[in-house]
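> Sharing a structure here in structure tokens format.
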Amino acid sequence: MDKTPRYLETPPDWSPDERPTLPGSPAAIAHSTTKRVAFFLIGLFIAISASLSNGFIIANLAIFQGEYGLTPSQAAWLPAAYVMANVSSNLILFKARQQYGLRLFSEIGLLAFIGVLILHIFVQTYEMALFVRFIAGLAAAPLSSLGMYYIMQAFSRADVAKAIYLAFGFQQLGLPLAWIISPSLLSANPWDVIYTFELGLAICCFAMVVSLKLPRSLRLDVFEKQDLFTFALLAPGLACLCIVLTQGPIVWWFDSQWLAYTLIAGFCLIVLGLTYEHYRSNPLIMTRWLATGDILSFIASAFALRLLMSEQSYAAVNFLKTMGMGPDQFVPFYMVIFLGTVAGSVFSAVTFNKDRLILNLFLAEFLILIACTLDYHLTSDVRPTNFYWSQFLVSFAGGVFIGPLLLMGFVRTLQKGPQYVVTFIVLFTATQNFGGLVGSSFFNTYQQHHTSNYKVEINSRLDPTDPVVAQRLQTYQHSAIATTNDPALQQNQALQNLNKVVTREAQVRAYNDVIALNGIFAIVLLIWGLFRYMYNRYINQKNIKATH
């Protein structure tokens, strides 16, 4: 039987409209217009800062790899460490917020992040960089919630859903903003200025949180010793899955036995953790609820929508990198993505209607499908400008779907009770993090496999006696005269140049296949969603008629 938690402090004399919706959430106090603006600006800054730190690593991963002298596999551990910590921290974030207060939890996280950043400025080693990324992932989870609650304070209780839409949309701005400002930041400064910039962001967030405090909340005694055992099982289990998905396409799935052992360990730890939770009297994760049809449908939808976003995060971006695009050429490309995300978030908030939340999800799927159609038939001559319309649509879709998806799941959760919120938060963050990881890992593997097949196919059709092939080789051989007078070396250079062209064209075809496959996924998800929507409406109407 679930026990009722005791209050750790006497609740203030709130009116019904002011009382927090959940313990750990700030009260909905009526503020002056000036204070509302301040809350909104601080919330916006914190929401963007929460994702900007990891955005810098992703945008400048090649620079970090070069400066630390890392292999691609070692470099991939930097963003992986962030995701591992971020997923795990959500297991304890909600209860920590209920027992100690969100502000205290956030301040401790920020102070820890500031401390390791200061240390890293003086100790610039790869191991220290990994530790900083891990702490950044831990700090980002409470910061995301903090940014959302600050933005919510700027809106009335009736418009709180619009605030949630904006907050979760703005949290997606960190990555494009990192790509936009990184070239200017690094052009006249050494590469380690990124650490100083991150430190400045963390100090600004800390100063804002301390100077303008959130209203009080209900504090309850909710932590149990069993929660720590669950965390000790699930956190490393989720981390193992992150490692496998990040490293698999790089070291290749069948060439590294340690991947299999890591995957087995991850699944075993998660199964043990969930089994332990299943038989607890007051569980942290509601395992029986996870098996219900509504929740399974929510998990599939949330996971699939994030996977579809790989059309942008993997296909478009990596294709342009493969074609030789540098950081400066990505600045206008990511400005389009930035504007698309803002537009989608604002559109979602302005058009909010609690009875039409699912239509936003259909709109997002349809926009991604259009983007896949626009991006199909790539060639080696495609440049960032050719992606502007399609990537605006994808980023618009990202801003449109995240808020309604969260709200739909949260409403269902509250109908079950506050004790189910932890389960929902873990589910939502896991589907978004793992949806992105699985999408990137799957499409990366798919692209590499098809590139290899296309190379074999193209090479099988290259006949040296063919006049076109012979003329191309002669042209390459003639251009090699500038570097060597040895005919054998010239011929070898010509063959290498031809092989580069073959590889490039094979990659172009493979990326087209990735986009086509993602489009097929979008069609399937759209049809499945429409079918469920119409089926549920039919069942509801049938039940209404039966009652009359």
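The values are calculated or read from the model by the stated rules, or taken from the named source; none is laboratory data. Since we're looking at a predicted model, the values are computed, not measured. Positions of Cβ are generated from backbone atoms using ideal geometry, with glycine treated the same way; all protein chains shown enter the neighbour counts. Each accessible area value is taken on the protein alone, full model and side chains, heavy atoms only, with ligands, DNA and RNA left out. Shrake-Rupley method; radii C 1.70, N 1.55, O 1.52, S 1.80 Å.
> Please go through region 363-379 and give me each residue that is open to solvent by less than 20 Å² (accessible area, probe 1.4 Å) and either more than 16 Å from Ile515 (Cα to Cα) or among the polar types (S, T, N, Q) (or both), ordered by number.
Across region 363-379, the qualifying residue is only Ala364.
> Kindly indicate the residue of region 114-129 that is under 25 Å from the mean Cα position of the chain (by Cα) and among the aliphatic types (A, V, I, L, M) and also surrounded by the fewest Cβ atoms within 10 Å (Cβ to Cβ) among those meeting that condition.
Met128
> How many of the residues in region 330-358 are within 25 Å of Asn386 (Cα to Cα), open to solvent by 50 Å² or more (accessible area, probe 1.4 Å) and of a type in the set (S, T, N, Q)?
The number of residues fulfilling the criteria is 0.
> Hey, among Ala167, Ala239, which residue is within 20 Å of Phe267 (Cα to Cα), open to solvent by less than 20 Å² (accessible area, probe 1.4 Å) and part of a helix (DSSP H, G or I)? So that I can check it myself, show each step before the final result.
Working: Ala167 fails: within 20 Å of Phe267 (Cα to Cα).
Answer to the selection: Ala239.
> Pairs under 9 Å by beta carbon, first residue exposed (fewer than 10 other Cβ atoms within 10 Å of the Cβ) in region 537-548, partner at pLDDT 75 or above and part of a helix (DSSP H, G or I), six or more apart or different chains?
Sorted first by the residue in region 537-548, then by its partner, the list stays empty.
> Filter region 204-227 down to residues that are at pLDDT 80 or above and surrounded by fewer than 16 Cβ atoms within 10 Å (Cβ to Cβ), then give me how many there are.
Qualifying residue count, region 204-227: 8.
> State whether the residues of region 477-487 include one that is closer than 23 Å to Trp253 by Cβ, open to solvent by 60 Å² or more (accessible area, probe 1.4 Å), out of contact with any helix residue (DSSP H, G or I) (no Cβ under 7 Å at 6 or more places or on another chain) and modelled with pLDDT of 70 or more.
Start the filter on region 477-487 by keeping residues that are closer than 23 Å to Trp253 by Cβ, which leaves none.
No, every residue in region 477-487 fails to be closer than 23 Å to Trp253 by Cβ, open to solvent by 60 Å² or more (accessible area, probe 1.4 Å), out of contact with any helix residue (DSSP H, G or I) (no Cβ under 7 Å at 6 or more places or on another chain) and modelled with pLDDT of 70 or more.
> For region 380-394, name all the residues that are in contact with a Leu (Cβ under 9 Å, 6 or more places away or on another chain), within 19 Å of Val342 (Cβ to Cβ) and either aromatic (Phe, Trp, Tyr) or surrounded by fewer than 16 Cβ atoms within 10 Å (Cβ to Cβ) (or both).
Residues satisfying the conditions are Phe387, Trp389, Phe392.
> Going through region 288-327 one residue at a time, which ones are charged (D, E, K, R) and open to solvent by 20 Å² or more (accessible area, probe 1.4 Å)? I'd like the intermediate steps shown before the answer.
Just the residues of region 288-327 that are charged (D, E, K, R), to begin with: 288, 294, 306, 311, 321.
Once the filter is applied, which keeps residues that are charged (D, E, K, R) and open to solvent by 20 Å² or more (accessible area, probe 1.4 Å), region 288-327 yields Arg288, Asp294, Arg306, Lys321.
> Moving on to the next point. Quick check: anything in region 172-189 outside any helix (DSSP H, G or I), open to solvent by 20 Å² or more (accessible area, probe 1.4 Å) and among the aliphatic types (A, V, I, L, M)? Spell out the reasoning first.
Kept after step one, since they are outside any helix (DSSP H, G or I), are these residues of region 172-189: 188-189.
Now restrict to residues that are open to solvent by 20 Å² or more (accessible area, probe 1.4 Å): 188-189.
Next, from what is left, pick out any that are among the aliphatic types (A, V, I, L, M): 188.
Yes, the conditions are met somewhere in region 172-189.
Conditions tested, residue by residue: (1) assigned to a loop (DSSP other than H, G, I, E, B); (2) in contact with a Phe, Trp or Tyr (Cβ under 6 Å, 6 or more places away or on another chain); (3) closer than 16 Å to Glu365 by Cβ.
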| position | (1), (2), (3) |
| --- | --- |
| Ala302 | no, no, yes |
| Arg306 | no, no, yes |
| Tyr314 | no, yes, no |
| Phe319 | no, yes, no |
| Gly324 | yes, no, no |
| Pro332 | no, no, no |
| Val336 | no, yes, no |
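> Which ones in region 256-293 are without any contact (Cβ under 8 Å) to a residue 40 or more places away in the chain, of a type in the set (Val, Ile, Thr) and within 22 Å of Gln226 (Cβ to Cβ)?
Ile270, Val271, Thr275, Thr287
> Another question, if that's okay. Identify, by number, the condition in (1) of a type outside the set (Asp, Glu); (2) modelled with pLDDT of 85 or more; (3) over 24 Å from Lys321 (Cα atoms) that Gln490 doesn't meet.
Going through (1) of a type outside the set (Asp, Glu); (2) modelled with pLDDT of 85 or more; (3) over 24 Å from Lys321 (Cα atoms) one by one, Gln490 breaks only (2).
> Out of region 59-102, which residues are assigned to a helix (DSSP H, G or I), small (Gly, Ala, Ser), more than 22 Å from the chain's Cα centre (by Cα) and buried (at least 18 other Cβ atoms within 10 Å of the Cβ)? Please lay out each step first, then the result.
Filtering region 59-102 down to residues assigned to a helix (DSSP H, G or I) leaves 59, 61-68, 72-100, 102.
Keeping just the survivors that are small (Gly, Ala, Ser) gives 59, 62, 66, 73, 75-76, 80-81, 85, 88-89, 96.
Checking the rest, the ones that are also more than 22 Å from the chain's Cα centre (by Cα) come to 66, 96.
The one that is assigned to a helix (DSSP H, G or I), small (Gly, Ala, Ser), more than 22 Å from the chain's Cα centre (by Cα) and buried (at least 18 other Cβ atoms within 10 Å of the Cβ): Ala96.
> I'd like to verify a number: residues in region 432-458 that are open to solvent by less than 10 Å² (accessible area, probe 1.4 Å) and not small (Gly, Ala, Ser), how many?
Quick first cut of region 432-458, residues open to solvent by less than 10 Å² (accessible area, probe 1.4 Å) only: 435, 439, 441, 443.
If we keep only those that are not small (Gly, Ala, Ser) too, we end up with 443.
Residues meeting the conditions: 1.
> Give the residues of region 157-202 that are among the polar types (S, T, N, Q) and without any contact (Cβ under 8 Å) to a residue 24 or more places away in the chain, sorted by residue number.
Of region 157-202, the ones among the polar types (S, T, N, Q) are 171-172, 182, 184, 187, 189, 196.
Once the filter is applied, which keeps residues that are among the polar types (S, T, N, Q) and without any contact (Cβ under 8 Å) to a residue 24 or more places away in the chain, region 157-202 yields Ser184, Ser187, Asn189.
> Considering Thr230, Thr275, Thr246, Thr262, which residue is of a type outside the set (A, V, I, L, M, F, W, C), surrounded by fewer than 17 Cβ atoms within 10 Å (Cβ to Cβ) and part of a helix (DSSP H, G or I)?
Working: Thr230 fails: surrounded by fewer than 17 Cβ atoms within 10 Å (Cβ to Cβ); Thr246 fails: surrounded by fewer than 17 Cβ atoms within 10 Å (Cβ to Cβ); Thr262 fails: surrounded by fewer than 17 Cβ atoms within 10 Å (Cβ to Cβ).
The unique qualifying residue is Thr275.
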